[in-house]
Amino acid sequence: MATASTPPADTSTAGVAPHRSDRSPWNWLLLIPIVVPLLVPLYNAVDPTLGAWPRFYWLQLAFVALGVGTTSLVYRMTRRSPAERRAAREAIARDAGSTDGGR
């Protein structure tokens with residue numbers, strides 16, 4: 001009985017650009033600064049005031065800070081590691097070199 005030999009699997013990933021997906025669960029947090037300002041009962045009053053500012057005004061500024069904080073958190077949690085960025089740069093350079101070589 002003859003056995004079929006399979007070629008060895010190439011397990012090296014050197015020179016291959018890492019797969020990048022923007023479908024991170026962290027992106028769901030970006031809905032918070034969109035949905036929270038739509039909750040009108042949060043700021044549909046004058047009291048309490050912060051200094052001379054009614055609740056509507058100081059809460060709008062707090063929503064801006066919430067948006068900045070949420071966006072910063074999502075950016076930090078979804079950015080590539082330095083090794084992935086280096087591999088992506090090398091893959092882009094390699095691909096650009098192979099397409100320009102035929103001109």
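The values are calculated or read from the model by the stated rules, or taken from the named source; none is laboratory data. Computed from a predicted model, the values in this text were never measured in an experiment. All Cβ positions, even for glycine, are placed from backbone atoms using ideal geometry, and neighbour counts span all protein chains on display.
Taking interchain pairs and intrachain pairs at least six residues apart, which have beta carbon atoms under 9 angstrom, with the first residue in the range 77-92 and modelled with pLDDT of 85 or more and the second part of a helix (DSSP H, G or I)?
M77/W26; M77/L29; T78/W26; T78/N27; R79/R85
Might you check whether a residue that is assigned to a helix (DSSP H, G or I) and exposed (fewer than 10 other Cβ atoms within 10 Å of the Cβ) occurs anywhere in the range 54-68? If you could, list the steps in order and put the result at the bottom.
The initial filter retains those residues of the range 54-68 that are assigned to a helix (DSSP H, G or I), namely 55-68.
Filter once more, so that each one left must be exposed (fewer than 10 other Cβ atoms within 10 Å of the Cβ): none.
No: zero hits.
Restricting the search to the range 47-103, which residues are in contact with a helix residue (DSSP H, G or I) (Cβ under 6 Å, 6 or more places away or on another chain) and of a type in the set (S, T, Y)?
T70, T78
Looking at the range 92-103, is at least one residue surrounded by 12 or more Cβ atoms within 10 Å (Cβ to Cβ) and either among the aliphatic types (A, V, I, L, M) or under 19 Å from the mean Cα position of the chain (by Cα) (or both)?
No: zero hits.
Please state which of the following conditions G51 fails to meet, knowing it meets all the rest: (1) on the phi < 0 side of the Ramachandran plot; (2) modelled with pLDDT of 85 or more; (3) not hydroxyl-bearing (S, T, Y).
With (1) on the phi < 0 side of the Ramachandran plot; (2) modelled with pLDDT of 85 or more; (3) not hydroxyl-bearing (S, T, Y) applied to G51, the lone miss is (1).
Somewhere in the range 51-71, is a residue within 24 Å of the chain's Cα centre (by Cα), over 21 Å from S24 (Cα atoms) and of a type in the set (V, I, T)?
Checked the range 51-71: at least one residue is within 24 Å of the chain's Cα centre (by Cα), over 21 Å from S24 (Cα atoms) and of a type in the set (V, I, T).
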